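**Q** Attaching a single structure in structure tokens format; questions to follow.
Just so it is clear, none of the values below were taken in a lab; they were calculated from the coordinates. These figures come from a predicted structure and were not determined experimentally. Ideal geometry is used to build each Cβ from the backbone, glycine not excepted, and the neighbour counts take in all protein chains shown.
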Amino acid sequence: MANQFNKLSQGTIAVRGGLNTDEQYGSVVPVITPSTCYRYEEFAKPREFDYARKANPSRRLVEQTVAKLEGGVDAILTNCGMSAIHLISVALLAPNDVVVAPHDCYGGSYRLFNSLSQKGYFKVKFVDQSDPAALQETLSLYPKLVLIETPSNPLLRVVDIKEIAQQAHNVGALVLVDNTFMTPILQKPLELGADIVTHSCTKFLNGHSDLLAGILVFKDQQLATEVLWWANNIGTLTSSFDSYLLLRGLRTLAARVTVQQDNAQKVVDFLVNHPKIAKVYHPSLSSNLGHDIAKKQQKGFGSLLSFELAGDDDVMPKFLKALNIFTLAQSLGGVESLVCHPATMTHSGISAEARKTAGISDQLLRISVGLEDIADLLKDLQQALENI
């Protein structure tokens, strides 16, 4: 059965995850298991599940489904995306270890690595991973972990996972890829050489902006088991109710990603020709850093895009206030369209100097394109731009 399941397409795996697993009543949809403790079969003989901080049947179904989607051997579901990154830091890194992270990574990841480094938990080097010389210089430090985030947040820069993973492995480093933006529908980092894949499940995997969760997917079972010990040790895991919601969200993943991507491409086509837009960032554009790599390692260009408004500082609040459909909010990947101002929202926790180095200007906006009718989305952008 497992081998047959693995041969199914991504969309089918997402829909079928956890179905028909109830042996008691024959429920098609798996039941929610809220129990925190589980009866031992007899003295010193625990069952598969013994205490919910370590594992839970509802959570396990999500882990198995996402692991199959990513082509991994195992997965660990956590209570948010940053909890997944923190778990890896605690489980794998020691004070003298070096982490290599993108200089333009998600603001939360930057803040976490930077703050833990300042406390002496490990050392971190932020580097432009699209610069071969700069990357090679940091790899010469023999890092323990290399984080790859592609496309990047918020400038949608694409780097070569296969190439960086090979270089990292040559110096003995593990490779962790944040696949939140692409999802396993559009990108498979483990097939490209990654050792671990992480997601903020809060975003596309759930798709409905109503729960927090993160996940780590592993290529190697021994590594997964080692990290699971730490997950149980520090208590990073999520609830059965959130697991149920996440599994339900996964069932529409392929359909949502496809429609959102189609909508996003039409938004890109509209913005690149608008006189009040200074620049657009999206992997589909030949001007986008890593466009040719994206065509090779991705199955599509995704539904996230960023752009810079032309004009002075006054245009930003006018534009955002004029929007009716796009909601000003920090998240992404939900069915609804969102707009984010990284400098004051997702990346406000890093210094202005670091934002400048990463290319994140005060005129930059990031859009997560949802499932609304594309005609309505384009009309909303058009009328808002007319107000500035």
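**Q** Hey, rough spin-label estimate for residue 373 and residue 262, points 7 angstrom out along Cα→Cβ, what's it come to in nanometres?
**A** Placing both labels 7 Å beyond Cα along the Cβ direction yields 1.5 nm.
**Q** Using alpha carbons only, what's the Rg to Rh ratio of the chain with Rh from Kirkwood? Mind showing how you got there, number by number?
**A** On the way: Rg = 21.1 Å, Rh = 21.6 Å.
Taking Rh as the inverse mean 1/r over Cα pairs, Rg/Rh reads 0.98.
**Q** Here's another thing I want to ask about it. Taking a 26 Å limit on the Cα-Cα distance, which of the listed pairs 276/356; 68/296; 276/296 fall beyond it? Before the final figure, lay out the partial values.
**A** Details: 276/356 22 Å; 68/296 22 Å; 276/296 32 Å.
Violating the 26 Å Cα-Cα cut-off are 276/296.
**Q** Taking θ as phi - 60°, what are the ³J(HN,Hα) couplings along segment 59-64 by the Karplus curve (6.51, -1.76, 1.60), each to the nearest whole Hz, with x for Gly and Pro?
**A** Result, rounded to whole Hz: 5, 4, 5, 5, 4, 5.
**Q** To continue, here is another question. Which cross-chain or sequence-distant (5 or more) residues have an amide H under 5 Å from the amide H of residue 127, H modelled 1.01 Å from N in plane?
**A** 101, 103
**Q** Report, by chain and number, residues whose modeled amide H sits under 5 Å from the one on residue 180, excluding near sequence neighbours (fewer than 5 apart, same chain).
**A** 200
**Q** Quick one: plug the Kirkwood hydrodynamic radius of segment 183-268 (C-alpha pairs) into Stokes-Einstein at 4 °C, 1.567 mPa s, and report D in µm²/s. Before the final figure, lay out the partial values.
**A** On the way: Rh = 14.6 Å.
Stokes-Einstein gives a translational diffusion coefficient of 89 µm²/s.
**Q** Along segment 72-84, what does the Karplus equation 6.51 cos²θ - 1.76 cosθ + 1.60 (θ = phi - 60°) give for ³J(HN,Hα), rounded to whole Hz, x for Gly and Pro?
**A** x, 8, 6, 8, 10, 8, 10, 7, 5, x, 5, 5, 5
**Q** A further question on this structure: Can you list residues whose amide H is under 5 Å from residue 309's amide H, if they're 5+ apart or on another chain and H is modeled 1.01 Å from N?
**A** 278, 365
**Q** Cut-off 10 angstrom, C-alpha nodes, Gaussian network model of the chain. Which of 113, 241, 307 fluctuates the most?
**A** 241
**Q** To test your reading of the geometry: what angle, between 0 and 90 degrees and rounded to tens, separates the Cα axis of helix 240-250 from the longest principal axis of the chain?
**A** Helix 240-250 and the main axis of the chain meet at about 50 degrees.
**Q** Provide 304, 223 in ascending order of the number of other Cβ atoms located within 10 Å of each residue's Cβ, fewest first. Numbers along the way, then the final one.
**A** Numbers: 304 27, 223 18.
With the sparsest Cβ surroundings first, the list reads 223, 304.
**Q** While we're looking at this one, here's another question. Kindly provide the helix-only [θ] at 222 nm of the chain, computed as the sum of -39,500 (n - 2.57) over DSSP H runs of four or more divided by all residues, to the nearest 500 deg cm²/dmol? Spell out each step's value before the answer.
**A** Values: 15 runs with 150 residues, N = 388.
Computed mean residue ellipticity for the chain: -11500 deg cm²/dmol.
**Q** Exposure proxy check: 282, 199, 291 ranked by fewest other beta carbons within 10 Å? Don't skip to the answer; put the middle values down first.
**A** Numbers: 282 27, 199 30, 291 17.
The most exposed by this proxy come first: 291, 282, 199.
**Q** What FRET efficiency do you get for residue 295 and residue 142 if R0 is 45 Å and r is their Cβ-Cβ distance, rounded to the nearest 0.05?
**A** Computed FRET efficiency for residue 295 and residue 142: 0.90.
**Q** Something else: Evaluate the relative contact order of the chain (contact order divided by residue number), counting alpha-carbon pairs under 8 angstrom at least 6 apart; express in whole percent. Could you put the intermediate results ahead of the total?
**A** Values: 779 pairs, mean separation 70.2, N = 388.
Once normalised by length, the contact order is 18 percent.
**Q** While we're here: Per residue of segment 158-172, what does 6.51 cos²θ - 1.76 cosθ + 1.60 with θ = phi - 60° give for ³J(HN,Hα)? Whole Hz please, x for Gly and Pro, Karplus curve as stated.
**A** Using θ = phi - 60°, the values come out as 10, 10, 7, 4, 4, 5, 5, 4, 4, 5, 5, 5, 5, 10, x Hz.
**Q** Taking the chain as the reference, fit the longest principal axis to its C-alpha atoms, fit the long axis of helix 107-118 to the helix C-alpha atoms, and give the angle between the two in degrees, 0 to 90, nearest 10.
**A** The angle comes out at about 70 degrees.
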